[in-house]
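Colleague: To start, I am sharing the structure in question, which I have written as structure tokens.
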Amino acid sequence: MNVSDSHEEPDGPVPISEEDLSEDVCAILDNYRLSVENVNQPYPPRWAITDILKAFIVYLNGKNDASALLMDDLDGLLFGLDDGDGPSFSEFRDKKSASQLIRGLSMLYRNIPCDILMDSLIVHLSGISYSTEHPGHMRDFILGKAASEAVAFMVTSNKVLIDHPYLDLVIQLGRDYDVVLTRDCDKDVTECLCHIMDGAVTVYDPPAVSVAHLDADTIIRARYESSFPDKMEEMIHALPKNRKMVVLDDCGLLTGSKKISQRTIDLLNRSELLSLNRFSSPFSNRSLSVAEISGHHSGIATRIRIFDEGCIPGTENIQDVDAFDDGMVSLGEIASVRKGTIVGKDNLITENDGDLAMYIRPKDVEKGELLIDDINYVTNDRHDSVMPDTVLVDSYPPFTRSYLVRKRDVPCIASPNFSIVVPNKDYLPDYVHAFFRSSMFVDRARRLSSGKYITLEDLKSIRIPIASKEVQQKIVDSTSSSANDPDGITSAFRSILSTDQQ
């Protein structure tokens, strides 16, 4: 490229970064808040959240002129999008504030992506959640970042059935899965999400199809009602084979002392309970527990886990113990570690019509192998590719999905939900991969993450046993068939390294 070329003026406006754009959208939402706030009613009233979603829909439809938009136009623009399937929109509650919001977005920047709009709304609402004056219904819309991310990584199916529309959870899941909201969810919110998410979110109509036919993981919200344990037991029995149920408890059901709490806990302990986790809540008056239940999930041992200092009956704390006291080195000293790459849904397809790169997500990995049937491909090459002999490590609980990239897998791109680890020349990639499949890594990662995700710095700090390449190869050979036995792999490390030291 000529030096002069670098100084040419670009055609059209220079695009701003996603971070700056998101900050600008949050500022417009703050202005919306000032417009609707009432001194006698904490912001936001329930209707304001649906008004914001409807304003996003009108804006995304692109058939409005910011300078000419009138309040009387809004309902007509919204109702014109109704396709006749399912419930229709209700009208705007505060047309003046909504029109100001749409005008602000239109004047700010054309074609703001849906993801940025929704992420900005989550940031806006999450900030309010820390206020002592937030209305009680806010907890109906925000689950919390840590919990939403962890729940998303409990999902193993392509489809997820949810009975409550937590906005942050639905947006998180909608990026990788087909989300199905039950018909008895909040009508306005459900309808808005179906339109905004453009096919990634649909509505479940019980008379039309059975839960088993959906072959979906199920996420339900616990309710402090005497009928809830019976309802949950019925749903567990109806859970398809190899599917999961996740119970979100933000009403204190799993930590209460009444009979209904004990009935629910007893039911969980009788079921194939994979994990029971407690998270910090954005709301000072809300505890949040998440139970993960298996539907006869083959090959996965039942283990109850808790990631905080509290205690729930029937749980056990994971101890922070390394398998070896001496002869270890931190991962950051023997490997480069970075995050995977974000690829938008618009750049992903399910068919490879050439030499397109695979997009590998944690859910595409099982027992150290790729599940090719549901793999996606990237339609452009403006992303960082992953080279052979790179280890992909899941950044989220339960930290049991890792993958060693081979030559046959190239070209490929790793999801940002993976940490990418490239060992230096002194360490065999297979040896490092064996370590990531061991209980000494899994238990340490769970401890450092506190039930959330593990940061790059924490991952770099985890220690791996030092060994010569000859000993590394012995461990690789000994653990090659132990894809789903973390404790067995740790035992192999211990046995071979202790023998070598004699």
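Colleague: Rg/Rh for the range 432-493 to two decimals, with Rh computed the Kirkwood way over all alpha-carbon pairs.
Modeller: On the Cα set of the range 432-493, Rg over Rh gives 1.00.
Colleague: Which pairs, out of Lys159/Lys241; Lys145/Lys258; Lys145/Lys345; Lys54/Lys187, put more than 19 Å between their alpha-carbon atoms? List each step's numbers first, then the result.
Modeller: Details: Lys159/Lys241 14 Å; Lys145/Lys258 30 Å; Lys145/Lys345 21 Å; Lys54/Lys187 13 Å.
In this structure, Lys145/Lys258; Lys145/Lys345 lie more than 19 Å apart at Cα.
Colleague: Averaging the inverse of every distinct alpha carbon separation and then flipping it gives the Kirkwood radius. What is it for the range 337-484, in angstrom units?
Modeller: After inverting the pairwise mean of 1/r, the radius is 15.8 Å.
Colleague: Quote the accessible area belonging to Asp94 in square angstrom, nearest 10, computed with a 1.4 Å probe and with ligands, DNA and RNA left uncounted.
Modeller: 40 Å²
Colleague: With every protein chain left in place and a probe of 1.4 Å, what is the accessible surface of Met154, to the nearest 10 Å²?
Modeller: Rounded to the nearest 10, the figure is 10 Å².
Colleague: What lysines could a cross-link reach from Lys474, if we take a straight Cα to Cα line under 27 Å and drop same-chain neighbours fewer than 8 places away?
Modeller: Partners within reach: Lys367, Lys407, Lys425, Lys460.
The values are calculated or read from the model by the stated rules, or taken from the named source; none is laboratory data. Predicted, not measured: the structure shown is a model, and the values here were computed from it. Keep in mind that these areas ignore ligands, DNA and RNA; they rest on the heavy atoms of the full protein, side chains included. Shrake-Rupley method; radii C 1.70, N 1.55, O 1.52, S 1.80 Å.
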